[in-house]
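Colleague: Structure below; questions to follow.
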Protein chains: 2
Amino acid sequence: MTPRILITNDDGVASSGLRAAYEAVRGLGDICIVAPATQQSAVGRSMTLFEPLRIARQPLDDAVAYSVNGTPTDSVVMGMFVVMEKKPDLVISGINIGENLSAEAVTTSGTIGAALEAANQGVPAIAVSMRVEDEGDKFYETARARNYAAARNVIRRLAGCVLEGRLPAGVDVLNVNVPCSATVETPIALTRLARRMYDTHVHHRQDPRGRSYYWVDGTVVEDAPQDTDLHVVTRLGHISVTPLTLDMTAPIDRAGMDALLLRAFGSR
Amino acid sequence: MTPRILITNDDGVASSGLRAAYEAVRGLGDICIVAPATQQSAVGRSMTLFEPLRIARQPLDDAVAYSVNGTPTDSVVMGMFVVMEKKPDLVISGINIGENLSAEAVTTSGTIGAALEAANQGVPAIAVSMRVEDEGDKFYETARARNYAAARNVIRRLAGCVLEGRLPAGVDVLNVNVPCSATVETPIALTRLARRMYDTHVHHRQDPRGRSYYWVDGTVVEDAPQDTDLHVVTRLGHISVTPLTLDMTAPIDRAGMDALLLRAFGSR
């Protein structure tokens with residue numbers, strides 16, 4: 001049976017990273033591309049419940065892409081249940097422009113959000129992000145010139161292995177981060193999530209009418225442990241592969257939680 | 001030192017559930033209420049990065065509430081860094097109208113998203129949701145008549161314990177679900193997350209101009225294991241307390257992942 005692969009992202013259907021993900025897996029199976037119509041950064045795994053969704057077809061190189069007026073998670077759902085009419089064997093989300101590192105990224109990233117939705121549907125998923133220098137207004141000028149070769153190589157190889165043998169037990173998603181300077185020679189490290197990537201701060205400004213507004217911002221945490229995704233990518237410049245689980249139940253010492261509930265409620 | 005408590009939600013600053021959360025902890029410390037200006041369901045932990053945020057003051061019973069033109073996560077950040085100017089000792093998110101059960105809810109719920117953001121900032125958090133019957137258009141008529149007594153009792157008792165002794169090691173958030181029929185006598189169970197709550201399906205309709213549109217929907221999974229939040233709340237009608245971690249690194253047999261990477265990339 002020919003494997004079936006769904007590709008999505010959070011940067012929108014026009015992103016060069018989406019095209020690169022398609023090029024990475026071309027020939028590995030029947031490929032379906034379904035992505036948000038517009039950029040959806042930092043939407044996490046949010047879903048559209050109170051508005052109807054629409055879908056449109058458009059060419060993408062030698063393929064057809066479908067755009068959805070919603071989030072990355074909406075795109076995965078529409079891809080599986082409307083376009084493909086059957087769950088695929090693998091979902092690729094990316095290539096995102098910008099890294100998705102640390103526990104912070106897992107719940108805020110639209111790229112990872114789409115992969116979590118795939119996993120929720122029982123489909124193995126790979127989220128792929130490329131760390132780029134902060135480019136400010138030059139972001140769109142440089143987008144076409146990006147070198148996706150290393151990221152494409154990682155996607156193709158991981159996709160091939162996952163299609164052959166699925167993911168190891170307990171792993172729902174592979175979260176892959178590739179520095180933009182990486183080549184096919186760059187080392188690949190198995191990592192865990194850093195606790196967080198940013199120390200948050202908020203900028204206060206005033207508009208021309210004297211009213212306050214605020215920008216949320218952050219500075220990168222400097223001291224992540226050596227086995228974390230954050231250290232491996234930002235310090236070593238290596239490629240990071242982190243296995244993720246959907247199950248956020250804390251792996252507790254049961255006695256500690258029982259004691260807390262006993263203090264709170266007495267014997268139950 | 002008087003404890004400092006930040007209250008937020010995802011139903012918006014006008015929700016009766018937000019008022020109930022405030023009533024639950026009134027007197028336990030200095031309380032600050034910061035919530036989205038409008039309902040933000042299913043936004044997960046999404047953040048506003050590309051639009052400025054604004055904040056407004058309004059009375060809420062005998063307190064002042066601040067509304068933010070953004071997500072629950074934005075509200076937590078603005079509450080900590082702008083309104084309180086210092087991190088609080090505890091964040092309460094809720095009371096949400098509608099349950100937040102299973103791994104699916106953790107990454108899609110705005111109520112839990114706000115609690116995850118608090119945890120990301122190093123602050124213990126309690127997310128509280130109330131399961132209600134599906135009310136359709138009657139939702140807003142019945143909202144004022146809700147009985148929050150059991151949920152208020154759980155919040156006050158858990159908040160008191162967490163403020164006294166923090167959360168057990170490895171626990172970042174308590175996710176609490178209360179059936180709307182619960183009383184102060186209803187049993188309270190320590191649970192783990194069910195894998196998922198819904199089997200997804202998508203409805204296809206056509207608008208009056210003959211164009212397709214879609215609603216994402218789902219039917220509740222019937223066979224969740226007995227120690228899960230889903231079973232305890234929907235089958236037994238008990239109150240569920242689930243400890244959550246921010247760290248979604250899969251607790252893997254390292255050999256399985258190493259073997260996958262070796263197959264994919266050869267020796268690294």
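Colleague: For the stretch B:41-107, what's the relative contact order in percent, using C-alpha pairs closer than 8 Å and at least 6 residues apart?
Modeller: So the answer I get is 26 percent.
Colleague: Ok, one more. Using each residue's phi in the stretch A:103-108, evaluate 6.51 cos²θ - 1.76 cosθ + 1.60 at θ = phi - 60° and report the 3J(HN,Hα) Karplus result to the nearest Hz, with x for Gly and Pro.
Modeller: Result, ordered by residue: 4, 4, 5, 4, 9, 10 Hz.
Colleague: Taking the Cα centre as origin and putting +1 on Lys and Arg beta-carbons and -1 on Asp and Glu beta-carbons, what dipole magnitude results for the stretch A:1-141, to the nearest 20 debye?
Modeller: Value, rounded to 20: 540 debye.
Colleague: So what's the stretch A:1-51 giving for Rg/Rh, alpha carbon basis, Kirkwood Rh from the mean inverse pair distance?
Modeller: For the stretch A:1-51, the value is 1.05.
Colleague: Starting at the first residue of the stretch B:57-63, write each ³J(HN,Hα) from the Karplus equation 6.51 cos²θ - 1.76 cosθ + 1.60 with θ = phi - 60°, in whole Hz, x for Gly and Pro.
Modeller: Result, ordered by residue: 9, 8, x, 9, 6, 8, 10 Hz.
Colleague: Tell me which chymotrypsin sites (Phe, Trp or Tyr not before Pro) from the stretch A:1-106 have a DSSP coil assignment and no more than 11 other beta carbons within 10 Å of their own.
Modeller: Within the stretch A:1-106, the qualifying chymotrypsin sites (Phe, Trp or Tyr not before Pro) (loop, at most 11 other Cβ atoms within 10 Å) are A:Phe50.
Colleague: Can you give the percent of C-alpha pairs in the stretch B:139-254 whose distance is more than 19 Å?
Modeller: 64 percent
Colleague: Can I ask one more? Kindly give the semi-axes, whole Å and largest first, of the ellipsoid equivalent to chain A, taking each as the square root of 5 times a Cα gyration tensor eigenvalue.
Modeller: Its equivalent ellipsoid spans semi-axes of 29, 25, 22 Å.
Colleague: In the stretch B:194-264, how does Rg compare with the Kirkwood Rh, expressed as the Rg/Rh ratio over alpha carbon atoms?
Modeller: Expressed as Rg/Rh, it is 1.21.
Colleague: May I ask for log10 I(q)/I(0) of the stretch A:1-159 at q = 0.12, 0.18 Å⁻¹, from a Debye sum over the Cα atoms as equal point scatterers with solvent left out?
Modeller: Once normalised to I(0) and log-transformed, intensities are -0.44, -1.04.
Colleague: Most mobile of B:Val128, B:Val232, B:Val64 per a Gaussian network model of chain B (Cα springs, under 10 Å)?
Modeller: Its mean-square fluctuation being the largest, the pick is B:Val64.
Colleague: Select from B:Thr108, B:Thr219, B:Thr48 the residue whose mean-square fluctuation is largest in a Gaussian network model of chain B (Cα-Cα springs shorter than 10 Å).
Modeller: Sorting by GNM fluctuation, first place goes to B:Thr219.
Colleague: Remind me, relative contact order of chain A in percent, using alpha carbon pairs under 8 angstrom and six or more residues apart?
Modeller: 17 percent
Colleague: Below 8 Å, C-alpha to C-alpha, sequence gap of six or more: please give me the relative contact order for the stretch A:128-268 in percent.
Modeller: With pairs under 8 Å counted, the relative contact order is 27 percent.
Colleague: Also, quick follow-up: With springs only between Cα atoms under 10 Å apart, run a GNM on chain B and tell me which of B:Ala125, B:Ala37, B:Ala115 wobbles the most.
Modeller: Result for chain B, Cα springs under 10 Å: B:Ala37 fluctuates most.
Colleague: Step by step: find N for the stretch A:54-112, compute 2.2 N^0.38 Å, then divide the Cα radius of gyration by it. What's the final number?
Modeller: Its radius of gyration relative to the 2.2 N^0.38 Å reference: 1.26.
Colleague: Give the share of C-alpha pairs in each 20 angstrom bin for the protein assembly as shown, from 0 to the last occupied bin, in whole percents, shortest bins first.
Modeller: Going from the shortest bin to the longest, the percentages are 23, 56, 21, 0.
Each reported figure results from applying straightforward, stated rules to the coordinates on display, with no laboratory input. Model, not experiment: these values are computed from the prediction. Here Cβ is always computed from backbone atoms with ideal geometry, including for glycine, and neighbour counts include all displayed protein chains.
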